[in-house]
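The values are calculated or read from the model by the stated rules, or taken from the named source; none is laboratory data. Worth saying up front: this structure is predicted, and the values here are computed from it rather than measured. All Cβ positions, even for glycine, are placed from backbone atoms using ideal geometry, and neighbour counts span all protein chains on display. These accessible areas exclude ligands, DNA and RNA; they are computed on the full protein's heavy atoms, side chains included. Shrake-Rupley method; radii C 1.70, N 1.55, O 1.52, S 1.80 Å.
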Protein chains: 2
Amino acid sequence: MTTPNRCPVDDVNRLVRALAAAAGVPPDDASVLADALVDADVHGASTHGVSRLNIYLRRIQKGLIDPAAELHVESRRPAVLVVDARNGLGQVQAVKTLERLLLLAREYGIAAATVRRSQHFGALSYYSNRAAREGMILLAMTNCEPAMSPEGGCEAFFGTNPIAASFPTGKGFPVKIDLATSIIARGNIIAANKAGRPIPEGWALDPEGRPTTDAAAALAGTVLTMAGHKGFALAMLVELFAGVLSGAAIGNEVGSMYKHMDRPQDVGHYFCLVDIAAFMDPGEFRRRIDATIDAIKACRRRPDAHEILVPGERSYRTAEENRRLGIPVGPETVRELRTLCQEYGTPMTLESPASKETSP
Amino acid sequence: MTTPNRCPVDDVNRLVRALAAAAGVPPDDASVLADALVDADVHGASTHGVSRLNIYLRRIQKGLIDPAAELHVESRRPAVLVVDARNGLGQVQAVKTLERLLLLAREYGIAAATVRRSQHFGALSYYSNRAAREGMILLAMTNCEPAMSPEGGCEAFFGTNPIAASFPTGKGFPVKIDLATSIIARGNIIAANKAGRPIPEGWALDPEGRPTTDAAAALAGTVLTMAGHKGFALAMLVELFAGVLSGAAIGNEVGSMYKHMDRPQDVGHYFCLVDIAAFMDPGEFRRRIDATIDAIKACRRRPDAHEILVPGERSYRTAEENRRLGIPVGPETVRELRTLCQEYGTPMTLESPASKETSP
């Protein structure tokens, strides 16, 4: 296995922007997409990062994503937006939705939006972190392509249906909650399968609904919900807000980004944005959340624990390191980027050991 | 052990109302309290039911709960309420808050409230089910007295910090999500301890932070979060909305209902109320959620599963049965109620086998 090459953040950003623009994404939107993808890599969530650019552009080429879709917004009530993303890029339409929500939340104290006819849109915490920088708390949810069975079932009905929220602090980083309601990200099973490793018990079922440690059988079967029926309940909560209330596809009707190259995904999102200043003085909020963080970190520790990290702290440290050293870009992603560059006549500006290896 | 006696719902409701009124709760508020407590018993959540009346009234007697507290509401923005419950009864103040929120959500499409200086207020789903009957979705959270350690820690910092939401359906019952972010309700450990039974591994740590199956050691130690760091993240989310943003006590500063008979609890709640009609036609929503329920229940089943139940379905069945047969009231609760009746000169109207047993 080749270790991923580290590339300067700005270089990757520039390349993603250039490729997206070449594929028909308007320049400002290409900037948004590049920023969102690179931010995921910076925070160590490479499965939501630049590795996804290839499939997005392939779907644009097939007409399954409209690179220049207008956001269609209906407003039946002052503090609510009902958004039709019209098969635009998930990240672009989500940021546009968030920008409108920010204005509403400032005015009313809280505002919410549903988004239908959207796509895979990367890491939820990209949006919630943006909101935190504005002194707001964004609670975000999305449904996604089916992978997970309801408790008692063994068919993939739910996606890994994540929930996220970020809270501004005075610590230099937001408290960032961002979790799939599955026991594990499906990517871990894919990785085990590639490496020929077994997976721990309790992660997945085979296609007949029996517990399995065989990664291939797990991929053919379903991932389990976190904490059994509790994860099922949370996945359901996400599906009802993001899928049912939004008017998007529901559960196993959501299209797969890689498998269904003949129809749009019709993913649904739910954003609920809270302006902290509507509840208390933001300085007072910061003082209170900082004291909470301090108290948690000062708790007596379990014998095997060196440190207590609050949610978001680890990825903040990763981000600091990646900004300094460059973001890891895997050899497969480098190969895909090079092919895209050739197709679009865009200069391939990322160097990588992998590129040397694959040369004759 | 004596099996709990079943008592007619209306009889229990009347008795709770009479006792609360005798303790100084205004008649309308006493009705609200009785309805909330009995509703928990009806739904099989007896730990949030009539068994709590005794401690509420004891705390009223000590001046720790103000039975006639006015709700103090500040509104800095149109769709937000900042509530000070002024140490009133949790259920009463929460219902009053919800009633105001309903008006705001109708107007703005969404509205939110924080509540500080509140108490234990029973089952979250009592409030979310009320909202569902109005065609609304209430997302509710509360912090509570410390029981659970953060991932890596072994001090009780968080309460079991539950999250709930109910969604109206055309099925005769709402989809009801109501879950503690702990791996198990603390009540299960208390029950195991009383019965001298061990608890399963993974539920709790002893006071030194080591995993334990000893129920007594677990009670002296801490309950674990559901799904490890994911449950920690969710408990944190609840603490930040319900504790930090509300201005209530935070984490291990929240008072214990039974242990601290010298100070108010200062519990904090967070309510976010969504009007479905602000997003889509309620009939369309009902059609979509019913189709979702049907699709989930029709999923292929695991070998050991007879039926797939959606969240809320089991407690709905329990409620049907309890309304028909009466609600189980345990012998200890019957004893407490009898003592309260004697103190307040209120006729004890519940018959129970336990009462016969304890007579000479």
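Out of all DSSP beta bridges in chain B, what portion is antiparallel? Express it as a percent rounded to 5.
Counting only bridges with both partners in chain B, antiparallel ones make up about 85 percent.
Using a basic spin-label model with each label point 7 Å from the Cα along Cα→Cβ, how many nm lie between A:VAL73 and B:LYS62?
Here the modelled spin labels are 5.2 nm apart.
Please list, or write none, the aspartates and glutamates whose alpha carbon is within less than 13 Å of the alpha carbon of B:LYS62, excluding same-chain residues fewer than 8 places away.
Partners found: B:ASP262.
Which chymotrypsin sites (Phe, Trp or Tyr not before Pro) in segment A:267-305 pass both tests, a DSSP loop state and at most 14 other beta-carbon atoms within 10 Å?
Hits after loop and neighbour filter: nothing returned.
Pairs to check: A:LYS230/A:LYS297; B:LYS194/B:LYS259; A:LYS297/B:LYS259; A:LYS230/B:LYS297. Give those whose C-alpha atoms are more than 22 Å from each other in this structure.
Check vs 22 Å cut-off fails for A:LYS230/A:LYS297; A:LYS297/B:LYS259.
Considering the convex hull of the alpha carbon atoms of the protein assembly as shown, report its projected area averaged over all viewing directions, in nm², one decimal.
Result: 30.8 nm².
List the accessible area buried at the contact between A and B, summed over both sides and calculated with a 1.4 Å probe, in Å² to the nearest 100.
For A against B, buried area totals roughly 7000 Å².
Going by a ≥ b ≥ c, the root eigenvalues of the Cα gyration tensor, does segment A:158-201 fall in the rounded group (a/c under 1.5), the prolate group (a/b larger than b/c) or the oblate group?
Here segment A:158-201 falls in the prolate category.
For segment B:239-253, just list the computed ³J(HN,Hα) in residue order, Karplus coefficients 6.51, -1.76 and 1.60, θ = phi - 60°, integers in Hz, with x standing in for Gly and Pro.
So the J values, rounded to whole Hz, are 5, 6, 6, 7, x, 5, 5, 7, x, 7, 4, 10, x, 6, 8.
Provide the FRET efficiency to the nearest 0.05 for the B:ILE55-B:GLU107 pair, computing r from the beta carbons and using R0 = 30 Å.
Once the sixth-power term is evaluated, E becomes 0.20.
Would you mind working out the magnitude of the charge dipole of segment B:105-150 relative to its Cα centre, with +1 at each Lys and Arg C-beta and -1 at each Asp and Glu C-beta, to the nearest 20 Debye?
100 debye
Looking only at Cα atoms, what is the convex hull volume of segment B:136-181 per residue, in Å³?
68 Å³
One decimal, nm, shortest first: give the distances between the label point of A:MET348 and those of the same position in the other copies, each label point 7 Å from Cα along Cα→Cβ.
Here the equivalent label points are 8.6 nm apart from this one.
Could you give the semi-axes, largest first, of the ellipsoid that matches segment A:64-206, computed as the square roots of 5 times the alpha carbon gyration tensor eigenvalues and rounded to whole Å?
31, 20, 14
Suppose every K and R has +1 on its Cβ and every D and E has -1 on its Cβ; what is the size of the dipole of the protein assembly as shown about the Cα centre, in Debye to the nearest 20?
140 debye
Would you mind telling me which residue in B:ALA195, B:ALA40, B:ALA233 has the biggest mean-square fluctuation in a Gaussian network model of chain B, where springs connect alpha carbons within a distance under 10 angstrom?
Result: B:ALA195 has the largest fluctuation of those listed.
How many percent of Cα pairs in segment A:280-328 exceed 16 Å?
Within segment A:280-328, distances greater than 16 Å cover 59 percent of Cα pairs.
Provide an ascending nm list, one decimal, of label-point separations from B:GLN61 to the equivalent residue in each further copy; define each label point as 7 Å from Cα along Cα→Cβ.
Inter-copy label distances (nm, one decimal, shortest first): 7.8.
State the answer as a single residue: which of A:GLY187, A:LEU89, A:TYR126 lies farthest towards the positive end of the charge dipole of chain A, with beta carbon charges of +1 for Lys and Arg and -1 for Asp and Glu, about the Cα centre.
Result: A:TYR126, furthest along the dipole toward the positive end.
Only sites in a loop by DSSP and with at most 10 other Cβ atoms within 10 Å count here; which GluC sites (Glu not before Pro) in segment A:251-360 make the cut?
In loop regions of segment A:251-360 (DSSP not H, G, I, E or B), the sparsely surrounded GluC sites (Glu not before Pro) are A:GLU307.
Sort segment B:151-295 into rounded, prolate or oblate with this rule: let a ≥ b ≥ c be the square roots of the eigenvalues of the Cα gyration tensor; rounded if a/c is under 1.5, and if a/c is not under 1.5, prolate when a/b is larger than b/c, oblate otherwise.
It is prolate, given that a/c is not under 1.5 and a/b is the larger ratio.
What are the ³J(HN,Hα) values, in whole Hz, obtained from phi via the Karplus relation 6.51 cos²θ - 1.76 cosθ + 1.60 with θ = phi - 60°, for each residue of segment A:188-193 in sequence order, with x given for Gly and Pro?
Whole-Hz 3J(HN,Hα) from phi for segment A:188-193: 5, 6, 4, 5, 4, 4.
Find the relative contact order for chain A and round it to a whole percent, using C-alpha pairs within less than 8 Å whose residues are 6+ positions apart.
So the answer I get is 23 percent.
At a threshold of 8 angstrom on Cα-Cα distance, excluding pairs fewer than six apart, so keeping six or more, what relative contact order does segment A:137-291 reach in percent?
About 29 percent, as a whole number.
May I have the convex hull volume per residue, in Å³, for the Cα set of segment A:81-153?
Per-residue hull volume (Cα only) is 109 Å³.
So what is the 222 nm mean residue ellipticity for the protein assembly as shown from helices alone, if each DSSP H run of at least 4 adds -39500 (n - 2.57) and you divide by all residues, rounding to the nearest 500 deg cm²/dmol?
Helix-only estimate at 222 nm: -12500 deg cm²/dmol.
Given the C-alpha atoms of segment B:106-190, compute the convex hull and give its volume per residue in Å³.
132 Å³
So for the pair A:ASP304, A:ILE190, with labels modelled 7 Å out along Cα→Cβ, what separation do we get in nm?
2.9 nm
Return the single residue from A:ASN143, A:ASN193, A:ASN252 with maximal mean-square fluctuation; model: Gaussian network over chain A, springs between Cα atoms under 10 Å.
A:ASN193
Any idea what the dipole of segment A:209-321 comes to, in debye rounded to 20, about its Cα centre with Lys/Arg Cβ at +1 and Asp/Glu Cβ at -1?
Around 420 debye, computed over segment A:209-321.
Can you work out the Karplus-derived ³J(HN,Hα) for every residue in segment A:16-25? Use 6.51 cos²θ - 1.76 cosθ + 1.60 with θ = phi - 60°, whole Hz, and x for glycine or proline.
Taking θ as phi minus 60°, the curve returns 4, 4, 5, 5, 4, 4, 5, 8, x, 7 Hz for segment A:16-25.
Loop sites only, by DSSP: take the trypsin sites (Lys or Arg not before Pro) in chain A that have at most 12 other C-beta atoms within 10 Å and name the longest stretch containing none of them.
The longest such stretch corresponds to A:63-258.
Suppose you put the label 7 Å out from Cα in the Cβ direction; list, shortest first and in nm with one decimal, how far B:LYS259 is from each other copy's label.
When each copy's label point is compared with this one, the spacings are 5.0 nm.
Have a look at A:SER31, A:VAL12, A:PRO174 and report the one farthest towards the positive end of the charge dipole of chain A, computed about the Cα centre with Cβ charges (Lys/Arg +1, Asp/Glu -1).
The residue sitting most towards the positive pole is A:PRO174.
When the Debye formula is applied to the Cα atoms of chain B, each taken as the same point scatterer, what base-10 log of I(q)/I(0) results at q = 0.08, 0.09, 0.11, 0.14 Å⁻¹?
Each listed q maps to, in turn, -0.41, -0.52, -0.80, -1.32.
In Å, what Kirkwood hydrodynamic radius results for segment B:263-360 from the alpha-carbon pair distances?
Taking every pair of different Cα atoms in segment B:263-360, averaging 1/r and inverting gives 19.2 Å.
Pick out, from A:HIS229, B:ALA291, B:ILE199, the residue whose Cα sits farthest towards the positive end of the charge dipole of the protein assembly as shown, with +1 on the Cβ of Lys and Arg and -1 on the Cβ of Asp and Glu.
The listed residue farthest towards the positive side: B:ILE199.
Antiparallel versus total DSSP beta bridges in the protein assembly as shown: what percent is that, nearest 5?
85 percent
With a point put 7 Å past each Cα toward its Cβ, work out how far A:TYR258 is from B:GLU321 in nm, to one decimal.
That separation, rounded to one decimal, is 4.5 nm.
Give the Cα extents of segment B:19-58 along the principal axes, in whole Å, largest first.
Cα spread of segment B:19-58 along its principal axes, largest to smallest: 28, 20, 9 Å.
Given the options A:ALA220, A:ALA165, A:ALA248, which has the most mean-square fluctuation in a GNM of chain A, springs set between C-alpha atoms less than 10 angstrom apart?
Result: A:ALA220 has the largest fluctuation of those listed.
Relative contact order (percent) for segment A:1-126, with alpha-carbon contacts under 8 angstrom and 6 or more residues of separation?
21 percent
Taking all protein chains in place and a 1.4 Å probe, what share, in percent, of the accessible surface of chain B do carbon and sulfur account for?
49 percent
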